[in-house]
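The values are calculated or read from the model by the stated rules, or taken from the named source; none is laboratory data. The structure presented is a predicted model; accordingly, all values stated were derived computationally and were not measured. Here Cβ is always computed from backbone atoms with ideal geometry, including for glycine, and neighbour counts include all displayed protein chains. These accessible areas exclude ligands, DNA and RNA; they are computed on the full protein's heavy atoms, side chains included. Shrake-Rupley method; radii C 1.70, N 1.55, O 1.52, S 1.80 Å.
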Amino acid sequence: MSIASFKSAHRLITGQQASSRLSEEILRLGMRCPMVVTDPGVLGSGTLKPITDQLDVLKANGQLTHYRIFSEVSAEPEVHIVEDCMSVYLEAQCDGLIALGGGSAMDIAKCVAVYATHDGDLESLFGEDKARVRGAPLIAMPTTAGTGSEVTNIGILSDTEARMKKGIVNDYLLPDVAIVAPELTVSCPRHVTAASGVDALVHAIEAYLSNFATPITDALAIKAMRLIIKALPKAYANPGNLEAREAMATGSLLAGMAFGNAGVGAVHALAYPLGGRYHLPHGVTNALLLPHVMRWNALACVERFRDIAEALDTAHHALKDEAAAELVVERLHQLCRDVDIPSGLRHFDISEKDIPSLAADAAKVERLLRNNPRQLTQHDIECIYRAAW
Ligand SMILES: NC(=O)c1ccc[n+]([C@@H]2O[C@H](COP(=O)([O-])OP(=O)(O)OC[C@H]3O[C@@H](n4cnc5c(N)ncnc54)[C@H](O)[C@@H]3O)[C@@H](O)[C@H]2O)c1
Ligand SMILES: [Fe+2]
């Protein structure tokens, strides 16, 4: 094994009612006027209230001068939302960020945190390792389970003009604190529970199959798969099931730590152009591609599929590796059916004629394709899109 490093948020706070620790962390980080970054869905769900209650107490005690709420994050946010959020941050003279939301709100807050201390325009931050200094203090509180963005060094934005997703990848995006509190996810609408839950499972599977997997990321990924496969149907069936919500929050966190270090692969690479062009939720695009990419990948690393089959509770010990891989693919199809994600790109108004240009765009996502266990040519990618159509 070659040398590997491991990174995550600097501090993790987990468990039921973990959100009650926010005040303590704000004070520890020395914030005097934080900005909460969230979105209209989270705002309308009542999830913000216990957070502002804590901020109001701090303010009444003179421990905060003021705080500001920016709630205009849209799902799969556009680049300009970073600029909008940054203007409010500067205008209100804030000195730290609290991200309360799914991947969309967390990614905006992460980007603003590094942008706030960056000596240059936003464009100059896109790509890998462009920020040279630490960002503003940042606490991430996921309300979906989830993207794992609370522990990753990437912020993903939609670029409508380029019809692609683009990212800022930089260790300075790692939050100072991740508060992973299952109670924040209870109000999640069913379709968001489904899509973001499948996204978390994809993170675990792709990290486990990655060319850059390590024993540390393997352990995290396998545990994440075990938790998610059992808990996702339960959280979907009964949104108020706190035990299932906690297992999903933990599974998503572990999957985030796994892929935040080992990377994700072809499922995400092929999902990017679908998200960029058709504005489908990230988790849905992953779900549409997951079984098809896995069928394709199995040839390269069939023995790793036996481990996945065991983690997903499908393998019988007497099975050959190839049969275990087939079971994995079938199990993933079944999970998507259980949580009502339609299979087939055709159900989302995606024309079969678009496939060659989608494949050309996906082939450019080298940052992720290099992690994938099977090398993919543009022709291979076309074949996978056709199978998924
Ligand atoms: N940075 C990373 O490491 C990383 C990883 C994966 C995905 N992403 C990005 O994350 C984004 C997707 O994030 P997501 O799947 O978490 O969804 P999201 O943040 O886009 O939220 C989806 C919808 O769910 C609503 N919502 C979220 N939590 C809620 C709650 N508790 N109660 C009520 N409504 C709630 C939101 O208002 C929104 O309308 C995409 O832009 C994707 O590219 C980032
Ligand atoms: Fe993802």
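Taking the Cα centroid of segment 284-315 and of segment 123-165, what is the distance between the two, rounded to the nearest whole Å?
Segment 284-315 and segment 123-165 have Cα centres spaced 27 Å from each other.
In whole angstrom, how far apart do the alpha carbon centroids of segment 225-281 and segment 167-195 sit?
Centre-to-centre (Cα) distance: 10 Å.
What list of ³J(HN,Hα) values in whole Hz, one per residue of segment 294-303 in order, does the Karplus curve 6.51 cos²θ - 1.76 cosθ + 1.60 (θ = phi - 60°) give from phi, with Gly and Pro shown as x?
5, 4, 5, 5, 3, 4, 7, 7, 4, 5
At what distance in nm do the modelled label points of residue 340 and residue 387 sit from each other, each positioned 7 Å from its Cα along Cα→Cβ?
Spacing of the two 7 Å Cα→Cβ label points: 2.9 nm.
What FRET efficiency, computed as 1/(1 + (r/R0)^6) with R0 = 45 Å and r the Cβ-Cβ distance, is obtained for residue 88 and residue 303, rounded to the nearest 0.05?
Once rounded, the FRET efficiency stands at 0.30.
Enumerate the amide H contacts of residue 138 below 5 Å, restricted to partners 5 or more residues apart or on another chain; note that Pro and chain-start residues carry no placed amide H.
97, 176, 177
Of the accessible area of segment 10-109, with the probe set at 1.4 angstrom, what percent is carbon plus sulfur?
Taking all protein chains in place, segment 10-109 shows 51 percent carbon and sulfur surface.
For segment 99-149, which trypsin sites (Lys or Arg not before Pro) are both in a DSSP coil and crowded by at most 15 other Cβ atoms within 10 Å?
Filter output for segment 99-149: 132, 134.
What is the Cα centroid distance between segment 94-114 and segment 12-83, reported in whole angstrom?
Centre-to-centre (Cα) distance: 10 Å.
Got the relative contact order for segment 190-388 handy, in percent, Cα pairs under 8 Å and 6 or more residues apart?
Here the relative contact order equals 27 percent.
Relative contact order for the chain: what is it in percent, counting Cα pairs under 8 Å that are at least 6 residues apart?
Computed value for the chain: 16 percent relative contact order.
Just tell me which lysines come within less than 20 Å, Cα to Cα, of residue 234; anything on the same chain fewer than 8 places away is out.
Filter leaves 223.
What residues have an amide H closer than 5 Å to that of residue 36, excluding those fewer than 5 places away on the same chain, when H is modeled at 1.01 Å from N in the peptide plane?
When sequence neighbours closer than 5 places are left aside, the close amide H contacts are 68, 69, 70, 98.
Out of 338, 129, 349, any idea which swings most in a Gaussian network model of the chain, alpha carbons joined below 10 Å?
Highest fluctuation among the options: 349.
Given a 1.4 Å probe and heavy atoms of the protein chains only, how would you sort 230, 364, largest accessible area at the top?
Sorted descending by solvent-accessible area, the residues read 364, 230.
With springs only between Cα atoms under 10 Å, which of 297, 286, 241 fluctuates most in a Gaussian network model of the chain?
Result for the chain, Cα springs under 10 Å: 241 fluctuates most.
Counting DSSP beta bridges in the chain, what percent are antiparallel, to the nearest 5?
Beta bridges within the chain, antiparallel portion: roughly 25 percent.
Angle, helix 242-262 long axis vs. longest principal axis of the chain, Cα atoms, 0 to 90°, nearest 10?
Taking the Cα atoms of the chain, the angle to 242-262 is about 80 degrees.
Enter the accessible area per residue of the chain (Å², integer; probe 1.4 Å; all protein chains in place).
Averaged over the residues of the chain, the accessible area is 40 Å².
In what sequence, largest accessible area first, do 385, 278 appear using a 1.4 Å probe?
278, 385
How large is ³J(HN,Hα) for each residue in segment 25-33, as worked out from phi by the Karplus curve 6.51 cos²θ - 1.76 cosθ + 1.60 (θ = phi - 60°), to whole Hz, x for Gly and Pro?
Values per residue, Gly and Pro as x: 6, 4, 5, 4, 7, x, 6, 10, 8 Hz.
Using only the alpha-carbon atoms, how far is helix 80-91 inclined from the longest principal axis of the chain? Give it as 0 to 90 degrees, nearest 10.
20 degrees
Could you sort 10, 80, 317 by accessible area so the largest value comes first, with the probe set to 1.4 Å?
Result, largest first: 317, 10, 80.
Quick one: which of 7/130; 59/130; 320/364 span more than 27 angstrom between C-alpha atoms?
59/130; 320/364
Using a 1.4 Å probe on the protein heavy atoms only, what accessible surface does residue 86 show? Give it in Å² to the nearest 10.
20 Å²
Counting other Cβ atoms within 10 Å, keep those with at most 10, restrict to DSSP loop, and tell me which trypsin sites (Lys or Arg not before Pro) in segment 264-344 are left.
Sparse-neighbourhood loop trypsin sites (Lys or Arg not before Pro): 320.
Using label points projected 7 Å from each Cα along Cα→Cβ, tell me how many nm separate residue 370 and residue 166, to one decimal.
1.9 nm
So, R0 is 30 Å and r is the distance between the beta-carbons of residue 49 and residue 1; what FRET efficiency does that work out to, to 0.05?
Once rounded, the FRET efficiency stands at 0.05.
Could you work out which residue, out of 168, 81, 205, moves most in a Gaussian network model of the chain, that is, has the largest mean-square fluctuation with Cα springs under 10 Å?
81
Could you state how much accessible area residue 58 has, in square angstrom rounded to the nearest 10, with a 1.4 Å probe and all protein chains kept in place?
That residue has around 10 Å² of solvent-accessible surface.
With axes computed from alpha carbons, what is the tilt in degrees of helix 321-338 against the longest principal axis of the chain, rounded to the nearest 10 within 0 to 90?
That helix lies at roughly 50 degrees to the long axis.
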